[in-house]
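Before any comments, here is the structure.
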Amino acid sequence: MDQPAKLAAFEARIARGETIEPGDWMPDEYRRQLLRMMSQHAHSEIVGMLPEGAWITRAPSLKRKLVLLAKVQDEGGHGQYLYDAAESLGATREELIEALHTGRAKYANVFNYPTPSWADVGMIGWLVDLAAILNQSMLAKCSYGPYARAMLRICSEETFHKKQGQEIVITLARGTREQRAMAQDGLDRWWWPTLMQFGYPDSESPHTATLRRWGIKTKTNDELREMFIKEIVPELKLLGLEPPDPELRFDEATGSWKHGPIDFDELKRVVNGNGPCNKERLAARIKAHDDGAWVREALVAYNAKREPSEVQG
Amino acid sequence: MTSTQWPVYQVFERPAHGRPMRVGGSVHAVDAETALQNAWAVYGRRPTAVGLWVVPRRLVLMKTKEEVDDFTQDRDNRAASDQSFYVFCRSGAKLVYEEAPQVVAPSPEQAMVRAVAGLNDCFACWVFPAAAVTSTESQTAECSFAPQHYKWFRDHKSFPIVAMLREIRADASERKHA
């Protein structure tokens, strides 16, 4: 088959709802877009361990500490699922990690903001993870098998994260005046970065049409952002919390929420390495990798002594 | 710089006792023993598995329907002796690869051909020698997975947000009527 015939057969498979596996023919652009998305997604999970990890030693109770430890461990696991999916298209683990450590790789904007208060742990769990769940539930139906399978696993674990975050925020909102103020302060700082997390508006997303036709994305950034607002705003208001957007209002005519303008220049700055904590996050990640070097060396040395041939793979 | 990339081990998991194995994902490790430990940390954190296997990826033959359709038995080695192969297949609308009946063949390629011939609706198929498996499914399996089952914070019931919100709503409407 020549290229146009192959492409037509490929698109017909997608249209029938079939799932593509690594050995199947696929357009270069499909491979490129998926690699871009899966590697960014994997890096986001890995860097995502850091803002909350800082609170493990300061969690307000043993229960909260155990829950947070498990959550941060999950994020590390999610990174592994996604690196596995990215490797199915020929990326190597070394290349992926090197791209992250040298600052070439992009990852989610939200993890470059500071977490000065315990309420931030609640807000990340509720807002950021709910946003992630909406995006990932869509990707769990995407046309590329390894990505969809990774998303299925991640979604089922991510619902815990959202619940634990929401429970923290509800507890604060029902607490003392200081605790309620903490919750509102957390919301004030996380609201806009979470809305930015869905990406650029549809009018500025050059990939959307192609990604839709090839079944990688089935909803646009703006559609997902609106689903998020619709789900979360009534619950926030029930708790007496107000998103920091004076223009936010429910439009009875369309049955949807209207929000004020999102600062996409800020998104661009943060994603391109110039957010409040980008340098700190990257330095922490590199340090963690370097600090683990002795474990890797020990494993190799032990294996070489015991069975030199096994290391060859 | 020397390569620090370790071999890939494919991870398989048993979701519940008596259920077929299915494909989980993969880990990198220096050997099968540490691969199984890594697999447990990555794929056995939440109580979603009761047993894990790891298999070096270089020993797993993977073909999609597209490839199987024009697959020829190019390495038909008649001198080799028969051995058992595990077969994992993605069939129908299912997204995950599940264990299918084993086949006996002298080579992975012949095992693939025999496996696919015996399966309906197979979108993609993996085969590997049964001897390549390192498994937690020994007498130690129960004790390695047991801790996951009594972690209360892995239980959705530990985060009763729906009940909490219901209470708040009830309080709010009570105040309104009072």
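The values are calculated or read from the model by the stated rules, or taken from the named source; none is laboratory data. Predicted model, so just to flag it, every value in this text is computed and none were measured. Methodologically, a virtual Cβ is constructed for each residue, glycine included, from the backbone with ideal geometry; neighbour enumeration extends over all protein chains shown. Surface accessibility is based on the protein's heavy atoms, side chains included, excluding ligands, DNA and RNA. Shrake-Rupley method; radii C 1.70, N 1.55, O 1.52, S 1.80 Å.
Listing for the model above:
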quantity	calculated
Selected residue (criterion: surrounded by the fewest Cβ atoms within 10 Å (Cβ to Cβ)) from residues of segment B:1-22 that are in a loop (DSSP other than H, G, I, E, B) and within 8 Å of chain A (Cβ to nearest Cβ)	B:SER3
All positions within segment B:44-56 that are within 8 Å of chain A (Cβ to nearest Cβ) and at pLDDT 90 or above	B:PRO56
Extreme residue, farthest from A:ARG213 (Cα to Cα), among residues of segment A:1-26 that are surrounded by 15 or more Cβ atoms within 10 Å (Cβ to Cβ) and under 26 Å from the mean Cα position of the chain (by Cα)	A:PRO22
Residues of segment B:37-53 that turn out to be open to solvent by 20 Å² or more (accessible area, probe 1.4 Å) and assigned to a loop (DSSP other than H, G, I, E, B), as a count	3
Yes/no for B:ARG58 being under 15 Å from B:VAL127 (Cα atoms) and surrounded by fewer than 16 Cβ atoms within 10 Å (Cβ to Cβ)	yes
Residue match in segment A:87-106 (condition: in a helix (DSSP H, G or I), of a type in the set (Gly, Ala, Ser) and buried (at least 21 other Cβ atoms within 10 Å of the Cβ))	no
Hey, A:ILE170 over 18 Å from the mean Cα position of the chain (by Cα) and in contact (Cβ under 8 Å) with a residue 24 or more places away in the chain or not	yes
A:LEU248 away from chain B (no Cβ under 14 Å), surrounded by 13 or more Cβ atoms within 10 Å (Cβ to Cβ), closer than 16 Å to A:THR194 by Cα and in contact with a Leu (Cβ under 8 Å, 6 or more places away or on another chain)	no
B:ALA32, sole failed condition from (1) modelled with pLDDT of 90 or more; (2) touching a Lys or Arg at 6+ places or on another chain (Cβ under 8 Å)	(2)
Count of residues meeting criterion [within 10 Å of another protein chain (Cβ to nearest Cβ) and either open to solvent by 10 Å² or more (accessible area, probe 1.4 Å) or within 14 Å of the chain's Cα centre (by Cα) (or both)] in segment B:23-36	9
Near pairs, Cβ below 7 angstrom, 6+ apart or cross-chain, from segment A:273-295 (within 20 Å of A:TYR113 (Cβ to Cβ)) to any residue that is of a type outside the set (Asp, Glu) and part of a loop (DSSP other than H, G, I, E, B)	A:GLY273/A:GLY103; A:GLY275/A:TYR113; A:PRO276/A:TYR113; A:PRO276/A:PRO114; A:CYS277/A:TYR113; A:CYS277/A:PRO114; A:LEU282/A:GLY103
Residues within segment A:146-174 that are open to solvent by less than 20 Å² (accessible area, probe 1.4 Å) and closer than 22 Å to B:ALA172 by Cα, tallied	7
Residue check for A:GLU204: in contact with a Phe, Trp or Tyr (Cβ under 9 Å, 6 or more places away or on another chain), open to solvent by 70 Å² or more (accessible area, probe 1.4 Å), free of Cβ contacts under 8 Å to residues at least 40 places away in the same chain and more than 14 Å from every other protein chain (Cβ to nearest Cβ)	no
Residue ID - farthest from the other protein chains (Cβ to nearest Cβ), chosen from residues in segment A:133-154 that are touching a residue at least 60 places away in the same chain (Cβ under 8 Å) and among the small types (Gly, Ala, Ser)	A:SER143
Complete set of residues in segment A:167-211 that are closer than 16 Å to A:PRO60 by Cα and polar (S, T, N, Q)	A:THR171, A:THR176, A:GLN179
Residues located in segment B:61-75, provided they are open to solvent by less than 60 Å² (accessible area, probe 1.4 Å) and at pLDDT below 85	B:GLU67, B:VAL68, B:PHE71
Leading residue by the ranking (nearest to A:PRO201 (Cα to Cα)) among those in segment A:267-281 that are assigned to a helix (DSSP H, G or I) and touching a helix residue (DSSP H, G or I) at 6+ places or on another chain (Cβ under 7 Å)	A:LEU267
Subset of segment B:57-66 that is more than 22 Å from B:GLN83 (Cβ to Cβ) and not in a strand (DSSP E or B) - its residue that is nearest to the other protein chains (Cβ to nearest Cβ)	B:GLU66
Index of the failed condition, A:MET227 passing every other in (1) open to solvent by 60 Å² or more (accessible area, probe 1.4 Å); (2) aliphatic (A, V, I, L, M); (3) at pLDDT 95 or above; (4) in a loop (DSSP other than H, G, I, E, B)	(4)
Where A:ASN303 falls short, out of the listed (1) of a type outside the set (D, E, K, R); (2) open to solvent by 80 Å² or more (accessible area, probe 1.4 Å); (3) within 14 Å of chain B (Cβ to nearest Cβ)	(2)
Considering residues of segment A:1-32 that are away from every other protein chain (no Cβ under 13 Å) and in contact with a Phe, Trp or Tyr (Cβ under 8 Å, 6 or more places away or on another chain) only, the residue nearest to A:TYR81 (Cα to Cα)	A:TYR30
